[in-house]
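See below for the structure under consideration.
Rule-based calculations on the coordinates, nothing more; no lab input. Note that the structure is predicted; figures quoted are calculated from it, not measured. Cβ atoms come from the backbone with ideal geometry, glycine included; neighbour counts cover every protein chain shown.
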Amino acid sequence: MSVSDTLGIGSRVRHPGYGDGAVIRLHKAAYEVCFMLHGIKHVGLSYDQWEIIEAIPAQSTVSFSEAEKSLIKILRHFSDITEVVELGDRWEDGLMILKPGDDGLKPKEIPIVTFFHKIVMVRDRLRVMEQRINSSKLNDEEKLNLQQYITRIYGSLTTFNVLFKYKEDHFSGGKK
């Protein structure tokens, strides 16, 4: 197998036994693959029973920064990792009060930071869902319909943009 036929670092695969994974290192005779549910495994270079989801061409040398970028891309694609998003300064130590219309019922108080983190988790999970739809075996029309639905969900969440410290973290009815 030549270098041009070899999967490069960052290539995504689906193994029949280990599930989804990504190539993290190349050896003379094997790939080192990080599988999401089974950890790091060695798979022979000639193995052909897996599905190649995304092939990245192998390079004879890979810099540390290229490997780091590939790893970040892999982790974002396959995980539920939450990026750090800051609450607007004016909301620090704030309290959200939900007051029922019936005066006989007690209001509910929630720290704004708690509510904010739940909103951010919803956004992050929508992004993961969007990535999974894009890499699924659905046909293009089904993918488009689901992506448009997710875009409408983002649009419904724009009310909460007032909580974010930075505008680039805002929800948008259109894709970011």
## Note on the structure
Full extension between residue 159 and residue 114 adds, at 0.36 nm per residue less the Cα distance, a length in nm of 14.5 nm
### Query
With each label point set 7 Å from Cα along the Cα-Cβ vector, what nm distance links residue 97 and residue 137?
5.5 nm
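Subtracting the Cα-Cα distance from 0.36 nm times the residue separation, let me have the gained length for residue 147 to residue 168 in nm, one decimal. Please report the intermediate quantities before stating the final value.
Details: separation 21, 0.36 × 21 = 7.56 nm, distance 2.03 nm.
Full extension from residue 147 to residue 168 adds 5.5 nm.
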## Note on the structure
Once Lys and Arg are counted +1 and Asp and Glu -1 for all other residues with Cβ under 11 Å from that of residue 14, the total becomes -1
### Query
Which semi-axes, in whole Å and largest first, does the equivalent ellipsoid of the stretch 89-169 have when worked out from the alpha carbon gyration tensor as the square roots of 5 times its eigenvalues?
33, 16, 10
## Note on the structure
Amide H neighbours of residue 96 at under 5 Å, excluding residues fewer than 5 places away on the same chain, with H built from the backbone geometry, are 110, 112
